[in-house]
1. Scaled to the compact-protein estimate 2.2 N^0.38 Å, what is the alpha-carbon radius of gyration of the stretch 160-250, rounded to two decimal places?
2. On a 0 to 90 degree scale, rounded to 10, what angle separates helix 98-111 from the longest Cα axis of the chain?
3. Suppose only helical runs count, i.e. DSSP H with n ≥ 4. What mean residue ellipticity at 222 nm does that imply for the chain under -39500 (n - 2.57) per run, divided by all residues and rounded to the nearest 500 deg cm²/dmol?
4. Given Cα pairs under 8 Å that are at least 6 residues apart, what percent is the relative contact order of the chain?
5. At a 10 Å Cβ-Cβ cut-off, how would you order Ser53, Ser46, Ser180, fewest neighbours first?
6. Please quote Rg/Rh for the chain to two decimal places, taking the Kirkwood radius as Rh and restricting both calculations to Cα atoms.
7. Show which lysines lie in cross-link reach of Lys185 when reach means a straight Cα distance below 22 angstrom and same-chain residues fewer than eight apart are skipped.
8. Could you please rank Lys193, Lys208, placing first whichever residue has the fewest other Cβ atoms within 10 Å of its Cβ?
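Every number in this text was worked out from the coordinates using simple rules, so none of it is lab data. Since the structure is predicted, the reported quantities are computational estimates derived from the model, not experimental observations. For neighbour counting, all protein chains shown are included, and Cβ atoms are generated from backbone atoms with ideal geometry for every residue, glycine included.
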Amino acid sequence: MSAEAIIETRGVCKRFSGFTALKEVSVGIQAGTLTSIIGPNGAGKSTFFNVLSGALEPSEGQIFFMGRDITGLRPHEFAHVGIAKSFQITNLFPNFTALENVRIGLQAHVSRYGLWRRRSALQGLDEEAALLLKTVGLADRARHLARELAHGQQRALEIAVALAAKPKLLLMDEPTAGMSPEETKVMMDLIRKLVEQRTVVLVEHKMKLVMGISERIVVLHNGELIAEGTPDDIRANDLVKRVYLGQGTH
Ligand SMILES: Nc1ncnc2c1ncn2[C@@H]1O[C@H](COP(=O)(O)OP(=O)(O)OP(=O)(O)O)[C@@H](O)[C@H]1O
């Protein structure tokens, strides 16, 4: 597998009580790229996402992150090595402000390294949280309660919380799900910005959107890896075309 792969799966299988959701998936995600995982309904995208994020342990096979075998590590240990995820389901504290939500994320991170929660340290965290809010376009929402934010803003806030862990790899599960066209555009711009500083992997249903933004695409079908390459490679791939035939274009 490519030397530049930041995360790599080797022969990963995932079985759920007899049903095989992933069948020997071997793929490397190149460092510094925006890679999307696509596939029709039931292809195994969410299962693969959960395997990459450490939420599910493979039944067989291995996962390597920056050359280190991380198979079987617990989810919080995946976070420690530098893997963060942003989910479809909202994971925010609704009655805390946007700034507080990010600060809690930062505190969870720094306390692991034994930093004292002195007043000056907390102030530093507020400044860092404000910077992260700025990164995701929420500078003017810092004092708003999370529950008062629009859907697209809540998703952006979740990303700021994920960034608090300073991940090298950011995994995003359908970041534009349920968004208006305008919110989708804002989110895509944000994702483009995020990939300037880290590797980003998206799981996404919307084929057109994925084609426009991704550098690499991984296609799953019935739990198997059927194609991997640039958007042009994937567009030209006969097997992918056949699999998507009649699926609608989204
Ligand atoms: N916990 C589970 N127990 C049993 N079967 C599961 C479980 N999780 C997923 N599956 C099955 O594994 C297959 C792949 O599911 P997965 O959710 O990974 O696909 P997906 O590509 O994300 O689908 P969708 O696009 O519909 O969200 C499906 O047939 C699903 O029913």
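1. 1.15
2. It works out to around 80 degrees.
3. -11000 deg cm²/dmol
4. For the chain, the relative contact order is 27 percent.
5. In increasing order of surrounding Cβ atoms, one gets Ser180, Ser46, Ser53.
6. 0.98
7. Lys85, Lys134, Lys193, Lys206, Lys208
8. Lys208, Lys193
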